[in-house]
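The values are calculated or read from the model by the stated rules, or taken from the named source; none is laboratory data. Predicted model, so just to flag it, every value in this text is computed and none were measured. For neighbour counting, all protein chains shown are included, and Cβ atoms are generated from backbone atoms with ideal geometry for every residue, glycine included. The area values use the complete protein model at the heavy-atom level, side chains included, leaving out ligands, DNA and RNA. Shrake-Rupley method; radii C 1.70, N 1.55, O 1.52, S 1.80 Å.
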Amino acid sequence: MHATCMLLWLSFQIPWFCGAQNTTADPQYTFLYNATSAPLMSEYDYIIVGGGAAGCPLAATLSQNYSVLLLERGGSPYGDPMISEQINMATDLLREGPLSPSQAFTSEDGILNHRARVLGGGTCLNAGFFTHASRAFVRAAGWDEGLVHEAYLWVEGLITSFPQLGPWQTAVKNGLLEVGVTPDNGDSLEHVYGTKIGGSLFDRNGHRHTAANLLQYADPNNLRVLLFATAHRILTHTASNGSAQAFGVLYTDLNGVEHQANLTQRAGSEVIVAAGALGSPHLLMWSGIGPAEQLTALNIPVVIDQPNVGQGMRDNPMNALGIPLTQPIEYSALQVVGIPQTFGGFVESASMNAASSISLQVPTALVSPCNMSTISLNFDTVTNFAALLQKVAGPVSSGELKLNGSEFSTTPSVRFNYYSDAEDLRSCVAGTKTMLDVLYSRALAPFVTDAICLPAVLEFLYGLSPSVRNDDAQLSSYCKRTVRTMWHYHGGCVVGKVVDTDYRVLGTNALRVIDGSTFVNSPGTNPQATVMMLGRYMGVQILRERLSTGQH
């Protein structure tokens, strides 16, 4: 076998796994370092900015044949039970502090949101739901379907398993089928119409597996991961063809010391930005690649006037109906999803119990069977409650990201313009009707209509009258009043606008962006599986291209 072919064969083999193992043992990496220990100058074949859902699988793949530096502005997820244990999922986002894994920000829409600041990215903070993109999404992206399939297998074999449904999630599944979200697709990772049980990053012991676990695939001799390393500028010079040639990255450690990582002189070496939908356009702008008017106003030297950087920011709107319950239920993350054919949205559910350390205070009358003549304002503490939620697919509505102040450390300002497009609002109305139908279904009756005063709950908590299912105007108002983020924001470095179909930044050499900032739409019901797949997919593509041309 030719040497190059042998390298390709060895690099792209997929180990055989039977899903995430039910273990709390975390990997013991030898290549994790605090950035304070890094040399002031260093050199690598690939410098990847962002150790999140895309950056980790990308680094692991490229390290099979080349030296890789992975820069992560946060710390390690390992040894932190707030991240690793499902029971802490609901409170993990609430942690604050300069080094917290979750960094809160509020969009200009007035909606509280979060960005990850930890190795593994959002996979360390989310509800764990794992599902593929639709075949239509894959085809529209121009991806090789066979390699996409292999890349998904590579990811999910190490970190994904199917959950065992408890009583509440079983009832939701049956309720979705009862109201017509059919067929029953059982356990499935595919994006198919109907109702299904998706994969999960939580194993059956409730232990979270994250994108950081994919670094187990790496060659430890070729990979160096620096934690608490904040990249603040991509270094470029003008190439002979007039384009901007990336040659390194400046980053600072926790002590504020600046370090410089340069690319090796070998042909094919690259800087790859995988810092997410906020971080990637933010870093490009601070590196002089962005709207000239905005950069000049902040005294940032313009390398490329690229007005599309920061444009096309989208966040899938979410609306939820939380219901207090009188009987014990399981603690569950998102496990079941309904994907109707009749509108562009999805319906999911989560449930909490006393183990979550979260409680609600609701009027006594609402947690008793209906007797509308006795509405009480005496409040009871409820520790068992569940929520149905609907997410609008796409979405169509979009906004923009802008630099916010003269310091790189300041989170950029972003507006998503939720429900500014009528199509998104129509999807929300249809999704809310489906949620209501499920709540009133026979399947949920033992939890809801037989045990609590559901009409009073909906009116007291959400201002929804008993006739709401026939009132689109009232439902539209509810959608706008109660919109929240699903944490699936994307855009800012969109394919065809900022990067080409190989994710190279237009007008540059040796610079790519590979993450969710390149997406026009959010893939499937939950994007994390596809973002991780993309990291592996593009790692393989880059290796194939470089090795096939003899660039070793």
All positions within region 126-135 that are open to solvent by 20 Å² or more (accessible area, probe 1.4 Å) and touching a strand residue (DSSP E or B) at 6+ places or on another chain (Cβ under 7 Å): Ala127
Here the qualifying pairs (Cβ atoms under 9 Å; residues six or more apart or on different chains; first in region 84-95 and farther than 21 Å from Ile159 by Cα; second open to solvent by 30 Å² or more (accessible area, probe 1.4 Å) and of a type in the set (Phe, Trp, Tyr)) come out as Leu93/Trp487
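Yes/no per residue for (1) more than 15 Å from Leu321 (Cβ to Cβ); (2) surrounded by 20 or more Cβ atoms within 10 Å (Cβ to Cβ):
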| residue | (1), (2) |
| --- | --- |
| Ile452 | no, yes |
| Gly496 | yes, no |
| Asp502 | yes, no |
| Ala510 | yes, yes |
| Phe519 | yes, yes |
| Ser522 | yes, yes |
| Leu534 | yes, yes |
| Gln541 | yes, no |
Please identify the pairs in which a residue from region 282-310 that is within 20 Å of Gly491 (Cβ to Cβ) has its Cβ atom under 9 Å from the Cβ atom of a residue that is assigned to a helix (DSSP H, G or I) and β-branched (Val, Ile, Thr), counting only partners at least 6 apart or on another chain. none
Given the conditions (1) surrounded by fewer than 19 Cβ atoms within 10 Å (Cβ to Cβ); (2) modelled with pLDDT under 95, which single one is not true for Leu147? (2)
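Can you say whether Phe228 is in contact (Cβ under 8 Å) with a residue 40 or more places away in the chain, touching a helix residue (DSSP H, G or I) at 6+ places or on another chain (Cβ under 6 Å) and open to solvent by 30 Å² or more (accessible area, probe 1.4 Å), as far as the supplied structure shows?
Spelling it out, Phe228 is indeed in contact (Cβ under 8 Å) with a residue 40 or more places away in the chain, touching a helix residue (DSSP H, G or I) at 6+ places or on another chain (Cβ under 6 Å) and open to solvent by 30 Å² or more (accessible area, probe 1.4 Å).
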Just for region 32-56: of the residues that are closer than 12 Å to Val249 by Cβ and not hydrophobic (A, V, I, L, M, F, W, C), which one is surrounded by the most Cβ atoms within 10 Å (Cβ to Cβ)? Gly50
I need a count of the residues in region 178-200 that are part of a loop (DSSP other than H, G, I, E, B) and either over 15 Å from Phe162 (Cα atoms) or out of contact with any strand residue (DSSP E or B) (no Cβ under 6 Å at 6 or more places or on another chain) (or both). 9
Between Ala456, Ala445, which is open to solvent by less than 60 Å² (accessible area, probe 1.4 Å), in a loop (DSSP other than H, G, I, E, B) and of a type in the set (Gly, Ala, Ser)? Ala445
Any residue at all in region 64-81 that is of a type in the set (A, V, I, L, M), out of contact with any strand residue (DSSP E or B) (no Cβ under 7 Å at 6 or more places or on another chain) and either open to solvent by less than 50 Å² (accessible area, probe 1.4 Å) or under 30 Å from Pro220 (Cα atoms) (or both)? no
Could you check region 249-275 and list, in sequence order, the residues that are in a strand (DSSP E or B), open to solvent by 10 Å² or more (accessible area, probe 1.4 Å) and hydroxyl-bearing (Ser, Thr, Tyr)? Thr252
Does Gln294 satisfy the condition of being open to solvent by 20 Å² or more (accessible area, probe 1.4 Å) and either farther than 17 Å from Leu439 by Cα or of a type in the set (Lys, Arg) (or both)? yes
Please enumerate the residues belonging to region 527-552 that are under 30 Å from Ser397 (Cα atoms) and either outside any loop (DSSP other than H, G, I, E, B) or modelled with pLDDT under 95 (or both). Gln528, Ala529, Thr530, Val531, Met532, Met533, Leu534, Gly535, Arg536, Tyr537, Met538
Counting only residues in region 99-117 that are out of contact with any Lys or Arg (no Cβ under 7 Å at 6 or more places or on another chain) and touching a residue at least 60 places away in the same chain (Cβ under 8 Å), the one least open to solvent (accessible area, probe 1.4 Å) is identified as Asn113
Of these, Glu348, Glu330, which one is in a loop (DSSP other than H, G, I, E, B), on the phi < 0 side of the Ramachandran plot and either open to solvent by 30 Å² or more (accessible area, probe 1.4 Å) or at pLDDT 85 or above (or both)? Glu330
Name the one entry in Val414, Val396 that is open to solvent by 20 Å² or more (accessible area, probe 1.4 Å) and over 21 Å from Pro455 (Cβ atoms). Val396
Every residue in region 136-154 that is touching a residue at least 24 places away in the same chain (Cβ under 8 Å), in a helix (DSSP H, G or I) and either touching a His at 6+ places or on another chain (Cβ under 6 Å) or within 20 Å of Ser517 (Cα to Cα) (or both), please. Phe137, Ala141, Val148, Ala151, Tyr152
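Looking at region 107-123, which of its residues are within 10 Å of the chain's Cα centre (by Cα) and of a type outside the set (Ser, Thr, Tyr)?
Arg115, Ala116, Gly121, Gly122
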